[in-house]
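Enquirer: Starting off with a structure, shown below.
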Amino acid sequence: MDKIEELGSYYVAFLRAIYIIEQTCHWNARGDDFYGNHLLFERIYKSTEANIDLAAEKLIGLFGNDCITLAAQNEMINKIVSKYEDKDDLIEKALNAEKGFLEFSKEFYDKLKDQDKLSLGLDDAIMSIASDREGSVYLLQQAGDTKVNSKQSARISFLNRIKKAQENTLTDKIKNVPNAIKTETLKQLITYE
């Protein structure tokens, strides 16, 4: 795929794939962070939708209607989505797709520039879209960090519960020891110090 028109079609298809991935993540959000992630995915898939329209209109305006056909878009979208469908973690899935798009976007931009097909308006559109997608990467990374922190918090909480259970068990055992033995044991401990 070297033809600028094909790369342009792939650029739009990649955005459409991100939209599908993020909207699906929005629907499938669950767990402790459900509501926050549900809203996060909605926010980023809606920004992707605006990017799709801008990119498609710019590219069709510059390269003609044949640049973006339904059949080609469908095939490309399926290939792109399949690259990211194996991730179970929704944040990671969307983050990887966003980063993949940004890498491709840079390659596409460089090819347009090398072939002297980068108009000022297309340059502006690609930069604006990249800025939006970088914003999505930031939001997804922050949500992912929260997930790590919540996992860490869960582990700490679990260890604290084990420690408390051990302390309670020890306290319960000491309660059953007669006072005379406790006193004698304390005297021995004091004399050894």
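The values are calculated or read from the model by the stated rules, or taken from the named source; none is laboratory data. Keep in mind the model is a prediction, meaning the values are calculated, not measured. Note: accessible area is taken over every heavy atom of the protein model, side chains too, but ligands, DNA and RNA are not part of it. Shrake-Rupley method; radii C 1.70, N 1.55, O 1.52, S 1.80 Å.
Enquirer: With a 1.4 Å probe and all protein chains kept in place, how do 76, 127 rank by accessible area, largest first?
Expert: Values: 76 35, 127 90 Å².
Sorted by accessible area, descending: 127, 76.
Enquirer: So how much slack lies between residue 117 and residue 85, counting 0.36 nm per residue of separation and subtracting their Cα-Cα distance, in nm?
Expert: Value of the extension gain: 8.2 nm.
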